[in-house]
Amino acid sequence: MKDGDVRVYSVWVPILGSDEASKVGKATTRLSDSRVKHYWDGNGDLMQSYARVLDLGKRPAWDVYLLYGSEAEWKTDPPMPDSWMHQLRDVDESRLLKGETLAAELAVLVERRKGKGK
């Protein structure tokens, strides 16, 4: 997706024993597009907020891919995404990450925004 209005926020969280803030710099090279903004959530606060929003129970929300339209508004908790996918075990298999599907859903959101005149 080449659209310059697309924004990507990558939030790195401590899941594995080796995950720490000092390693985020190297990890960001995996998402080197200039539209990507990287953040470190060392306490897992955002991860837990999304677990509540996505109804994951006690499972942390990591390896999730969330799509929001331009009208999304964050308040106390993040809003429910327009669409989302994951790479988690034992979670709704219909939402298991499929790159082509995620890209198509993103394209729909971009077109919707263009139709509203930004």
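The values are calculated or read from the model by the stated rules, or taken from the named source; none is laboratory data. Treat the numbers as computed from the prediction; the structure is a model and nothing was measured. Ideal geometry is used to build each Cβ from the backbone, glycine not excepted, and the neighbour counts take in all protein chains shown.
So here's what we get for this one:
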{"read-out": "Selection count, the range 75-93, where residues are in contact with a helix residue (DSSP H, G or I) (Cβ under 7 Å, 6 or more places away or on another chain) and charged (D, E, K, R)", "value": "2"}
{"read-out": "Answer from LEU31, LEU88 - the residue that is more than 14 Å from VAL11 (Cβ to Cβ) and either surrounded by 14 or more Cβ atoms within 10 Å (Cβ to Cβ) or under 13 Å from the mean Cα position of the chain (by Cα) (or both)", "value": "LEU88"}
{"read-out": "Residue list for the range 50-79, restricted to those being exposed (fewer than 14 other Cβ atoms within 10 Å of the Cβ) and hydrophobic (A, V, I, L, M, F, W, C)", "value": "TRP74"}
{"read-out": "Residue in the range 38-45 that is touching a helix residue (DSSP H, G or I) at 6+ places or on another chain (Cβ under 8 Å), at pLDDT 95 or above and of a type outside the set (D, E, K, R) present", "value": "no"}
